[in-house]
Amino acid sequence: MATTNSISSLLSQIPDANLRAELSRAVEEALRDRHFGLVFEEHLPEVQALVGVSIRKGTRVSVVGEPLNCTWHVESLEMRGALQWAKLRREGGLEGEIKHREIAVSALIPVARYGEAIYPSLRPMERVERAPDAPFHSIINADNYHALQLLLYGYQGAFDVIYIDPPYNTGARDWKYNNDYIDKNDRFRHSKWLSMMKKRLILAKRLLKKEGVLVVAIDDNEVHHLTCLLNEIFEIENFLGMVAIRTKPSGAPSLNGFASIHEYAIFYRGSNQIKIQLQERSVEQLSRFNEQDEDGPFWWENFRKAGAASRKSDRPGQFFPIWVTRDGKIEIPKGVWNKSEKIWEVPSPPSSKIALYPRKDGEDRVWLWAPERVRGDLKDLRVDFSNPLEPQIYHKRRLRRSGIVPKSMWIDAKYSASEYGTNLLRQIFGRANSFSYPKSPYTVIDCIRSATDNPDALILDFFAGSGTTLHATCLLNAEDGGNRRCVLVTNNEVSESEAKALAKQGFKPGDEEWEREGICRAVTIPRCKYAINGVRDDGTPLSGTYLNGRALSEGFEANLQAFSLDFLDPLSVMRGSRFEDIAPILWLLAGARGDLISPADIADESTAWIWPQGSEFLVCRDDGRFGEALEWLESLPDEERGRLRHIFLVTNAREAWSEWREILVALVPRVQVHQLYRDYLENYRLGENRAITDESLVEMDGDA
């Protein structure tokens, strides 16, 4: 590449002064705008299929069987016999490509580009209730980008841990971009992967608590690119560390000859005020502390320092004699420190005492502590004469911390993805499952433990795959009595081979035959449901046990609610209607407790409010009856009223709402009051180009 000086030299050879000046200015501008740090190709926006949205004139669509990002504009519609046909105009495209075509509407999929306004609806799916009064774990069947946008309304800065295991981009057609499988022949595959990750990580950062930790599982294919990207988004000082985890003990052969046995977990924090948590000691580690005194458990450890910085040249101040007698008495002689020689000048011991030095194999080492500290802890030292020619000093190694600092390499057998990932799925489903490379839940458990010590942590996984993170959260809660809550997001993609087979049969995304084969419906939801219940839908119990001896058939005291994130046609949403479409969103944002708002609740207009059983939120759905709702609230016992954490007030009257909010905050302690506009479209509109804090979306009191 030409340097700045060589470019200047070449420019000086141009005889035309005007041309030379114009080119010089252009070069100067180009050099001024150079990017530094991670540089990659920013690709066209991703495209989202809007299954269920009607196709009208002006709708952006894709054609079934073609790449989703090959989009068309509907210019007109007309009936031809029993079929409706559309005239299409190509959006973008290369020169020479077809610009117009006609096609049956049944072969079209309405789409939106990321950044355009779309209108979400959460449709309840499976529900499991095994823990009265406990919050619900949630699964959202959705493209994770739009699910993250939706979560920002109520969970900004709320998650203690975000654990994700994104597609690894190995070049084996194992992940999609714009609905196309990316393979090793795509020269933009790394930059497409980074473009996909960047949009989602920017949203994830906003969802993470300042005291929270992001954990990303990744392998060698993208680990270096990803680390650079994370350094830009989270800033390099928030990098906590990277762990290599032995997930494939038998190794996976690579084209270059090495058998890969590891993956990585990268840890970033929300702010620079926190550290990685201590990990619990294993049974083997605890068994070493097999003696006890008045100060607690301990084991006898050689007082000579081992490992790094253990030689005399490393720590000369910790090389000194310890005098001992044959009956076991220990004394630290007084000495004078010689600064120039960096040695302790100590007199020779009397004949009744022996001077012991920290030597090993004839080499001078050092003691664990300096002389003054040793003098203060002589009661914790003893001399061992089992080898009379080489007596040793031992000290009491105490269990002073509740755990150990996590190492940067995890090699325990419990992290094996085949043994505790693939085999565990086989036990849960009672058969082999097509899901590739599920994580061991014990890997996720130790990542969560390293990230937070909060037993009530809120955890997010927006590349949820088979649902290992929710399963791990249930296991962890059962082990330590915690009340952690998990939110999973996963799409309902089918595999490439399944997609081709379904397409040959005439099915497309949105058809029941297609959707029931997708990962969320076929793997994620059933896996989590079976794990919690301990039995499958057909009543057969799960076989096997967890590492702690707990039977899989025992299940967990936990609750689960699954949703599908659907999209509504803006033209079909009338002012003041379609409340049923946002009701589940309110339940999720209000803490995921108790019952959902039911159709019967919505249809019953005898009261001015809706308060689902066991939930912590209330909807005052008619501002004209606010006084009635307020009078009812005031009549409730303080304890019952105090259970409320969220009140949603439906009104367009902004000035009156501010006054009503003050009244409600004074009446109900710790409550957050939200304004819902009567026009559904102004409550929750997803789109990258609209700020979440825009007051036209939803008003909130507090920091939720």
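Take L201 and tell me if it is part of a helix (DSSP H, G or I), at pLDDT 90 or above, buried (at least 21 other Cβ atoms within 10 Å of the Cβ) and touching a strand residue (DSSP E or B) at 6+ places or on another chain (Cβ under 6 Å). Walk me through it before giving the result.
On the way: part of a helix (DSSP H, G or I): yes; at pLDDT 90 or above: yes; buried (at least 21 other Cβ atoms within 10 Å of the Cβ): yes; touching a strand residue (DSSP E or B) at 6+ places or on another chain (Cβ under 6 Å): no.
In short, no.
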Item checked: Matching residues in segment 166-175 - criterion: being surrounded by fewer than 24 Cβ atoms within 10 Å (Cβ to Cβ) and assigned to a loop (DSSP other than H, G, I, E, B) -> P166, P167, Y168, T170, G171
Item checked: L586 vs. criteria surrounded by 18 or more Cβ atoms within 10 Å (Cβ to Cβ), modelled with pLDDT of 90 or more and in a loop (DSSP other than H, G, I, E, B) -> no
Note to self: Condition (residue is under 48 Å from the mean Cα position of the chain (by Cα), of a type in the set (S, T, Y), part of a loop (DSSP other than H, G, I, E, B) and surrounded by 11 or more Cβ atoms within 10 Å (Cβ to Cβ)) applied to segment 310-317: is it met by at least one residue?
What the structure shows: yes
Next item on the list: Could you check how many residues of segment 67-109 are among the charged types (D, E, K, R), under 40 Å from the mean Cα position of the chain (by Cα) and not in a strand (DSSP E or B)?
Entry: 1
Note to self: Condition (residue is among the basic types (K, R) and at pLDDT 90 or above) applied to segment 75-83: is it met by at least one residue?
What the structure shows: yes
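Can you tell me which of V39, V47, V64, V27 is of a type in the set (V, I, T), modelled with pLDDT of 80 or more and farther than 19 Å from Y114 by Cα?
On the way: V39 fails: modelled with pLDDT of 80 or more; V47 fails: farther than 19 Å from Y114 by Cα; V27 fails: modelled with pLDDT of 80 or more.
Within the list V39, V47, V64, V27, the selection yields V64.
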Next item on the list: Only residues that are basic (K, R) and at positive phi: list them for segment 432-466, please.
Entry: none
Notebook entry, point to check: Condition test on A472, is it buried (at least 23 other Cβ atoms within 10 Å of the Cβ) and not in a strand (DSSP E or B)?
Noted result: yes
Next item on the list: Consider only pairs whose beta carbons are under 7 Å apart and that are at least six residues apart or on different chains; among these, list those whose first residue lies in segment 404-426 and is on the phi < 0 side of the Ramachandran plot and surrounded by 14 or more Cβ atoms within 10 Å (Cβ to Cβ) and whose second residue is part of a helix (DSSP H, G or I) and among the aromatic types (F, W, Y).
Entry: K414/Y420; K414/Y442; Y415/Y442; Y420/Y442
Note to self: Is it the case, given these coordinates, that E232 is buried (at least 19 other Cβ atoms within 10 Å of the Cβ), more than 24 Å from L470 (Cβ to Cβ) and not aliphatic (A, V, I, L, M)?
What the structure shows: no
Checklist line | Pair list, Cβ under 7 Å, 6 or more apart: segment 209-236 residue of a type in the set (S, T, N, Q), other residue not in a strand (DSSP E or B) | finding: N221/Y168; N221/N169; N221/T170
Item checked: Unmet requirement for Y442, which otherwise passes all of (1) touching a residue at least 24 places away in the same chain (Cβ under 8 Å); (2) part of a loop (DSSP other than H, G, I, E, B); (3) under 19 Å from the mean Cα position of the chain (by Cα); (4) crowded, with 17+ Cβ neighbours inside 10 Å -> (2)
Notebook entry, point to check: Could you say whether any residue in segment 480-501 is buried (at least 23 other Cβ atoms within 10 Å of the Cβ), in the same structural domain as N272 (by TED's automatic domain parsing) and among the hydroxyl-bearing types (S, T, Y)?
Noted result: yes
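The values are calculated or read from the model by the stated rules, or taken from the named source; none is laboratory data. These numbers come from a predicted model, not from an experiment. Cβ atoms come from the backbone with ideal geometry, glycine included; neighbour counts cover every protein chain shown.
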